Amino acid sequence: MFLGLNVRSWVLGGLIILGIYLAARFLISEKTRQKHLPTFLLLPSLLVILVMVIYPLVYAFRLAFLDWHGFTPPTFVGLSNFLNMFLDYKFWSALSVTMKFVAIAVPVEVVVGLLVAVLLNREIRARNFLRTIITLPIFVCPVALGFVSLSLYDTNGPINALLKFFGFQPIAWLGTPNTALMSILFLDIWQWTPFCFLVFLSGLQNLPSEVYEAAYLETNSSFAIFRSLTLPIIKPVIATITMLRLLEALKVFDLPMSLTKGGPGFATETYSIMTYKIGLRQFSFGEASARAFFFLFLLLIIFTILFKIGKFSEIYD
Amino acid sequence: MVKKVRFVRVIVVSLVFFGLLAGMAWSQEKRMFEGVTISIGVLAAGNRGPISGALYYWRDEWEKQTGAKLNIIEVPIAQIREKIFTDLFTGGGTFDGFDGPIWITGDLLAGDYIYDIEQWYDDPRFPKWNKDDVVPGLADVVNKWGNTWYYAPNDYDCHTLNYRRDILLDEKWQSAFEKEKGYRYNVPPRTWEELADIAEFFNGKDWNNDGEPDYGISMALQKGQQAGWHFISLASPYMMVPSADGKPTRYKGVLWFDPETMEPLINQPGFLRALEMLIRLYKAGNPAQLGWELGGAWNEFLDGKSIFNYGYGDLGPLAQDEERSKVKGKLGCSILPGTLEVWDREKGEWLKLSEPNFITNAIGPSWSIMIFKQTKHPEVVYHLAAFHASKEISFWNVTHGFTGINLGQTFQFFTNQNFGDKKGEATIEDWVKQGWDKNDAEEYVNAFYENYTMSKTILPQLRIPGMQSYYDALDDQINAAVSGQVSPEVALQRVYDEWQKITKQLGVEKQLEYYREAIGYKK
């Protein structure tokens, strides 16, 4: 067995390919073969995309119109999975939690990442050491980070020990709606700011030094140079990193799942957690699929608007 | 002379020949599944952890007896349902069976995914166990569906109360409580109101003399974990009017749904009072409870920081581990408290009682070996289940705390404890030999005995199809209500609406049929 197929299947597959090749060789003229060669060479990749991407997408889209729990045959329910979604308070709550999360996490990560990158782009002491230390959080697996942080946020954990040391009352970080979301945000920012930092740093290092030398002849203000020169030049990097982080933050799952399972109540139940629960805990595949497609549609709208407002197409052109 | 020698030779050769034949036959009989390998899924807890520990411990012995190989596949608790059904839906064939939670039974039966075990029960090729050994009433809500047995006895979970016996029996605290509350408490508390009073009294006081304030109760209330089950256990005496013979009727001995209409009972006044009580208890404990899984709540109790904890029987064995526990020898255990009022749905009023309404609790996964129809070796899986159900193995399992297997067969109880004509066969020495403190062991076993004998009304685990959807809806709202995001009334009404929706999606008539079979209701 190799890749799930036995020897006979592999031999048969090989013979079919050989047959196609020989048929093409003897039945199609040299000129026609040359003309269609690029299309022919693309076929394997197209086939993979069709099987691995298009088919699951179409299958999932079809599911969105079915009521199916796995135990009984699916039944067609039209648009009711979509309509019921809008009547469900959990849908609105998950959407609101996700947006809150994105609205705080992404700007903080991008701004702090940029500032640290600008700072560590200068000639300062222990610069390389600091750069290495700062990038370390990127390499931590988010689920592992979540589980490790359970002890960090524990009532007897190091954060509360520190609070007690300074005479404050310990806080149930994961036990109240506000502190739970804040705790997750803190970890996300801790983990992903270094990523923004790293990309910004590589962008800053590619800036031509001659332009800066010329600018310093005009002004001594570092802020003015940063605002009028650095920012406009690295705008494509800012746009790229913002979109990447936005996309990831909108899909956030592992940290809240490992830390709070979406609780207390619905305080940290993000859209991905809600969809996961409906699909893979409750096996309501139709409902989960409808919600996943709605989110895909929402992301498309958000990114289209961003492209328009931020004039990203101009930036990339 | 030559003839004599030849005769002796023939006799010797014959003896050797027939001896070999008999030996081969014997080994064939003893190793009936030579060369077969089965894969059994189990809760991921390692070779000394709950549930998986017993499978690992006995693997070599079972393989020696059967000649088969046992492949143990550990699955984290949060993924068990997902892994099982993904495998069954797709026909993946990863698992021949699963030492799984009984709450998926309805889903398994709806998809016709499991074998019943009646066909093998009397077959002499398999290890013997006795159906009558299971504590009366328990098999109906754990091992059986209707009149058919699906699982051999293994683990029987229930919620019991754990408390600090040393502190509650201390005269100093008893007097102080009496002075503050105006009455003397029972040890253990007999009603939830009394328990809440005690928890509130101790909460915030430094009763363990470590220089820091301690807590009244520790509960695992994290979302997606145990909050729903804690609530259901607490609600049962408020909602379940006892029936004369313990059998559920339309208005007595039922909790989840009306067995005539499948209408959810979750928004009834009994549930509302229970939820208000859960919120009151939460406030008598560490605010971090909303972020705690089972381990968090157990650790708080084992660390000697809370007076009460209620839940599965695992805490008793854990308390014996002196590396982890400060409460060995200080443990008190009992049936969960009752109530002096119960909501009578038939009359639409609170029924006042002279004695507390105790309910036999059967909430929990009650891990049992399930034989999947996708397996090519159902008999081998049954052999494993029967092996673990047999007296000697099962007795060893319950007395060794690390296995996480709890009592539910009559012979596992003490000799002075009886269930009708069935008597317990264990002595306290059997437990002490395994490292238990004598008093703790007595308290622990007595709590199970109380739970199974003080009431005829039994709170069953919800086992119908779609159980996970029903539970998630409940758990979400209980968590939201306790954390103050919604009022108890709104929370329960939302659960009611969601349960109605789930039932409609799955088919009211079908669900009603499953529900009646699951709780043993006869019209």
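With 18 Å as the limit on Cα-Cα distance, the pairs of B:Lys172/B:Lys205; B:Lys131/B:Lys433; B:Lys83/B:Lys501; B:Lys247/B:Lys422 that go past it are B:Lys131/B:Lys433; B:Lys83/B:Lys501; B:Lys247/B:Lys422. A 1.4 Å probe run over the protein chains yields, for the protein assembly as shown, 46 Å² of accessible area per residue, whole-number rounding.
Extent along the principal axes, Cα only, for chain B: 106, 54, 40 Å, with the longest axis given first.
Express the carbon and sulfur contribution to the solvent-accessible surface of the range A:76-232 as a percent, rounded to the nearest whole number, probe 1.4 angstrom. The C+S portion of the solvent-accessible surface of the range A:76-232 is 71 percent.
Computed from the C-beta positions of B:Glu212 and B:Glu346 and an R0 of 35 Å, the FRET efficiency is 0.10 to the nearest 0.05. On full extension, the segment bounded by A:Arg122 and A:Gln205 gains 28.9 nm, given 0.36 nm per residue less the C-alpha separation. Charge dipole (Cα centre; +1 on Lys/Arg Cβ, -1 on Asp/Glu Cβ; no other charges) of chain B amounts to roughly 1720 debye. Counting Cβ atoms of other protein chains within 10 Å of each residue's Cβ and taking the mean over peptide A:169-180 gives 4.
Contact order for the range A:88-198, expressed relative to its length and based on alpha carbon pairs under 8 Å spaced 6+ residues apart, stands at 43 percent.
Ranked by the mean number of other Cβ atoms within 10 Å of their residues, highest first, the peptides B:443-449, B:122-128, B:184-190, A:145-151 come out as B:443-449, B:184-190, A:145-151, B:122-128.
Per residue of peptide B:475-483, the mean number of Cβ atoms on other chains within 10 Å of the residue Cβ is 5.
When every Cα-Cα distance of the range A:17-70 is counted in 10 angstrom steps from zero, the calculated P(r) takes the values 19, 32, 21, 16, 11, 1 percent.
For the range A:155-205, the square roots a ≥ b ≥ c of the C-alpha gyration tensor eigenvalues yield an a/c of 1.5 or more together with a/b exceeding b/c, which makes the shape prolate.
For a label point 7 angstrom out from the Cα of B:Arg31 toward its Cβ, which stretches of the range B:64-79 have the backbone nitrogen within less than 15 Å? Residues B:64-70 qualify, since their backbone N sits under 15 Å from the label point. The residue list A:Ile234, A:Ala224, A:Ala249 was ranked by how far each Cα lies along the charge dipole of the range A:181-275 toward its positive end, using unit charges on Cβ atoms, and A:Ala249 comes out on top. Here the alpha carbons of the range B:133-225 define both size measures, Rg and Dmax, at 19.3, 57 Å.
In chain B, Cα pairs under 8 Å separated by at least six residues give a relative contact order of 23 percent. Among A:Leu231, A:Leu57, A:Leu217, the residue with the largest mean-square fluctuation in a Gaussian network model of chain A, with springs joining Cα atoms closer than 10 Å, is A:Leu217. Per-residue extension of 0.36 nm, minus the Cα-Cα distance of A:Thr39 and A:Ile104, leaves a gain of 18.7 nm for this segment. A dipole drawn for the range B:333-413 from +1 and -1 charges on Cβ atoms has a positive end, and of B:Thr360, B:Ser394, B:Gly348 the residue lying farthest that way is B:Ser394.
What separates the Cα centres of the range A:69-87 and the range B:454-523 is a distance of 21 Å.
May I ask for the distance between the Cα centers of the range B:150-211 and the range B:339-406, given as a whole number of Å? If you average the Cα positions of each part, the centres end up 25 Å apart. Here the convex hull built on the C-alpha positions of the protein assembly as shown has a volume of 286 cubic angstrom per residue. GNM remark for chain A: springs join alpha carbons under 10 Å apart, and the peak mean-square fluctuation among A:Phe129, A:Phe65, A:Phe283 falls on A:Phe129.
Potential lengthening of the chain between A:Asn178 and A:Leu163 amounts to 3.6 nm, from the contour at 0.36 nm per residue minus the alpha-carbon distance. Look at the alpha carbon pairs under 8 Å that are at least 6 residues apart: their mean separation over the length of chain A gives a relative contact order of 28 percent. Magnitude of the charge dipole for the range B:247-322, about its Cα centre and with charges confined to Cβ atoms of Lys, Arg (+1) and Asp, Glu (-1), is about 460 debye.
For the segment A:185-192, counting C-beta atoms of other chains within 10 Å of every residue's C-beta and taking the mean gives 0.
Taking both sides together, what accessible area is buried at the A/B interface, probe 1.4 Å, expressed in Å² and rounded to the nearest 100? Accessible area lost upon association: around 3000 Å². Here's the picture: charge each Lys and Arg Cβ at +1 and each Asp and Glu Cβ at -1 in chain A, and of A:Ile305, A:Tyr59, A:Tyr153 the one pushed furthest to the positive end of that dipole is A:Tyr59.
The values are calculated or read from the model by the stated rules, or taken from the named source; none is laboratory data. Values in this document were obtained by computation on a predicted structure and should not be read as measured data. So basically every Cβ, Gly included, is an ideal-geometry build from the backbone, and we count neighbours across all protein chains shown. Keep in mind that these areas ignore ligands, DNA and RNA; they rest on the heavy atoms of the full protein, side chains included. Shrake-Rupley method; radii C 1.70, N 1.55, O 1.52, S 1.80 Å.
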